[in-house]
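Inspection log for the structure reproduced underneath, given as structure tokens.
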Amino acid sequence: MVNIKVLMVDDEERFRTTTAKILARKGFHTILAASGEEALDKLAENPDVVILDVKMGGLDGHDTLKLIKAQLPGLPVIMLTGHGDVPGAKKAYETGAFDYLAKPCDVDLLSAKIKDAYDYAKKVPYVEKLAGDIMIPLERYTQIPLNSTVKDAIKALEKAMRHLMATDRLMDTGHRSVLVTGLDGKIAGLLSPLDLVDAIRPGYLSAPKPSMADSLQYSAMFWQGLFTSRVKEIMNKPVSEFMSDSLPTIDVNANLMDVANTMVDGPARRMLVQANGKDVGVVREQELFYEVAKIIAAS
């Protein structure tokens, strides 16, 4: 990915520093400014995209946007506005903002908007991506060995989630599933939230019914407390009993229609991406969704 330089303008110090760390993990180089006045000075560092908060002391976002556009009319600016602030969003567009996002905003969506703004400014034509372009590299996914228990899997995922950061304006999101590795180091399966929910259900719900009991129904009125007891029952069992052990695979150079078709045929919300037969990443349904949104926005 091109090293995109982002100027982040906000008068809240915690938000600025947190955002810089989050965007750095996404591969962006971030310049920080604590005010509209400082942002104008930081334009000398030649940012590719500006992220500008509307509400700031001194020069507010709208005034700062006008001054930025007066100096550098081609520099794309993404505004962060309050939720439901339609008049503010309309005003930002009229002043020349590239786009706006309501707070709090998802960091993956912000990252996608930054890339869109960069491509727009550089007049980069949209080129349909490949599986390898949208995947999550394997090293960024939570992994546990095959002999782990359900409790181990939850602890590993909680540990990964603790490294995510958020403020009242930005939410750093992560995956909700765990990759399970075999003794050979290869991916043996994946434990997803749906796998766990299915494991919690009592076994008789999925067991074949007697031939004379096709109309047999189970009453949920007797299940109070069953959810808790089932969680405690399975938490020390091996993940191998519940994981999805046959993840669909897709080649790193597969086109997006191939990815979509394989995902639907699975059906599977996640797939392993391979390069020369080696597992290198995971592609999820949300990565395809972001590409759908990007194509529509560019049309």
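In table form, for the structure just shown:
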item	result
Separation of the Ile295 and Asp184 label points, Cα + 7 Å toward Cβ, nm	3.6
Cα-based helix-to-principal-axis angle, 256-265 vs the chain, degrees rounded to 10	30
Helix-derived mean residue ellipticity, 222 nm - over the chain, DSSP H n ≥ 4, -39500 (n - 2.57), to 500	-11500 deg cm²/dmol
Residues of region 215-299: accessible area per residue with a 1.4 Å probe, Å²	64
Calculated FRET efficiency for the pair His29/Asn147, C-beta based, R₀ 35 Å, to 0.05	0.25
Largest-first ordering by accessible area, 1.4 Å probe, given options Phe222, Phe242, Phe289	Phe222, Phe289, Phe242
Relative contact order %, the chain, counting alpha carbon pairs below 8 Å whose residues are six or more apart	15
Amide hydrogen neighbours beyond the local backbone of Asp53, cut-off 5 Å, H modeled	Val9, Leu80
Exposed trypsin sites (Lys or Arg not before Pro) absent - longest run of the chain, DSSP non-H/G/I/E/B, at most 11 other C-beta within 10 Å	1-122
Solvent exposure of region 23-126 as accessible area per residue, Å², 1.4 Å probe	46
Nonlocal amide H pairs with Asp279, under 5 Å, H built at 1.01 Å	none
Residues listed by number, region 226-264, amide nitrogen under 15 Å from Leu205 label point at 7 Å toward C-beta	226-234
Proximal aspartates and glutamates to Lys69, defined as alpha-carbon separation beneath 15 angstrom and excluding residues fewer than eight positions away on the same chain	Glu37, Asp41, Asp48, Asp60, Glu94, Asp99
For P(r) over Cα pairs in 10 Å bins from 0, in percent, calculated from these coordinates, the label among (1) 6, 24, 31, 26, 12, 1, 0; (2) 7, 31, 38, 20, 3, 0; (3) 5, 22, 26, 21, 15, 7, 2, 0, 0	(3)
Within straight-line cross-link reach of Lys66, lysines at Cα separation under 23 Å, skipping those fewer than 8 residues along the same chain	Lys5, Lys42, Lys55, Lys90, Lys91, Lys103, Lys113, Lys115, Lys122, Lys123
Cα long-axis angle, helix 86-95 against the chain (0 to 90 degrees, to the nearest 10)	50
Proximal lysines relative to Lys151, as straight alpha-carbon distance under 27 Å, when same-chain residues fewer than 8 apart are discounted	Lys159, Lys186, Lys232, Lys237
Whole-Hz ³J(HN,Hα) from phi, Karplus 6.51 cos²θ - 1.76 cosθ + 1.60, for region 285-294, glycine and proline x	4, 5, 5, 5, 4, 5, 5, 4, 4, 5
Of all DSSP beta bridges in the chain, antiparallel share, percent nearest 5	40
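The values are calculated or read from the model by the stated rules, or taken from the named source; none is laboratory data. The structure displayed is predicted, hence computed values, not measured ones. Cβ atoms come from the backbone with ideal geometry, glycine included; neighbour counts cover every protein chain shown. Please note that ligands, DNA and RNA were not included when accessible areas were found on the heavy atoms of the full protein model with its side chains. Shrake-Rupley method; radii C 1.70, N 1.55, O 1.52, S 1.80 Å.
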